[in-house]
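Right, one structure below, let's go through it.
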Amino acid sequence: MSVRANIDILRLLFPVELGGEHNADLALDAKHLDTAQASADTLLAEVFPDTTERLLASWERVLGLTPGADDPLQFRREKVMRKIRERGGLSIPYFMTLAQTLGYVVEIVEPLPFMAGWGAAGDELFDATIIYQWGLEIYNQPIYEFRAGESVAGEMLTWWDSRTYLEDLFRELKPAHTFVYFSYIE
């Protein structure tokens with residue numbers, strides 16, 4: 001609504017036509033109503049993490065996320081949405097699906113102990129720590145491109161996560177008694 005429409009609506013609330021200072025007061029009240037409506041419209045967009053801009057830092061704080069200095073808006077929103085949708089799990093399929101939803105192509109490898117037919121002379125027969133290790137072979141890294149409506153002025157046109165968000169996430173979610181190592185395959 002416009003200020004003019006709000007003035008007309010406010011006038012209808014009075015039983016008699018008043019003039020003078022009353023019209024100036026109505027105009028001021030109508031302006032405040034427009035400001036309140038604009039704030040409500042903005043708040044409606046800011047309430048949801050996938051459309052927020054101003055409240056994004058609050059979402060990140062509540063979810064325990066720390067954004068990088070040059071992280072684009074798209075990436076920050078995706079991190080918030082992923083954190084909200086996290087369900088958790090300890091299985092290989094869970095971690096594979098998690099990496100795929102982040103846009104990575106990965107393979108999880110588990111080191112094998114010595115086995116006849118697989119091992120060679122001189123290999124260690126048993127390493128007790130091997131059962132607590134697993135690796136993640138990463139074949140790609142998602143690239144974020146500047147998009148109108150999803151990016152903001154000042155962001156780079158092309159960006160990728162050099163801080164390896166995937167590594168941080170896997171270290172946070174992995175079973176506490178295990179060690180995960182990362183290999184980048186070209």
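The numbers here are math on the coordinates, done by the rules we state, and not lab data. Since we're looking at a predicted model, the values are computed, not measured. Cβ: placed from backbone, ideal geometry, glycine included. Neighbour counts: every protein chain shown.
Treating region 72-116 as a set of equal point scatterers at the Cα positions, no solvent, please give the Debye-formula log₁₀ I(q)/I(0) at q = 0.14, 0.18, 0.22 Å⁻¹. Scattering profile of region 72-116, log10 relative to I(0): -0.46, -0.66, -0.84. About its Cα centre, the dipole of region 118-186 is roughly 160 debye, where the only charges are +1 on Lys and Arg Cβ and -1 on Asp and Glu Cβ. GNM on the chain, alpha-carbon springs under 10 angstrom: the most fluctuating residue among Val47, Val16, Val105 is Val16.
Here the contact order of the chain, divided by its residue count and restricted to Cα pairs under 8 Å and six or more residues apart, works out to 17 percent. Dividing the Cα radius of gyration of the chain by its Kirkwood radius returns 1.30 for Rg/Rh.
Put simply, the amide H of Phe182, placed in the peptide plane, has neighbours under 5 Å in Leu136, leaving out anything fewer than 5 places away on its chain.
The order of Tyr184, Tyr144, going from fewest to most other C-beta atoms within 10 Å of their C-beta, is Tyr184, Tyr144.
Rg and Dmax, both from the Cα atoms of region 13-58 and both in Å, are 17.0, 50. Shown here for region 1-103: trypsin sites (Lys or Arg not before Pro) in loop regions (DSSP other than H, G, I, E, B) with at most 11 other Cβ atoms within 10 Å, namely Arg54, Arg87. Label-to-label distance for Glu86 and Glu172 is 0.4 nm, based on points extended 7 Å past Cα in the beta-carbon direction. Spherically averaged projected area of the convex hull of Cα atoms, region 32-110: 7.0 nm². For region 88-184, the orientation-averaged shadow of the C-alpha convex hull comes to 8.5 nm² (one quarter of the hull surface). For region 13-101, the relative contact order comes to 19 percent (Cα pairs under 8 Å, sequence separation of at least 6). Size descriptor for region 115-165, Kirkwood hydrodynamic radius: 15.9 Å (Cα pairs only, one decimal).
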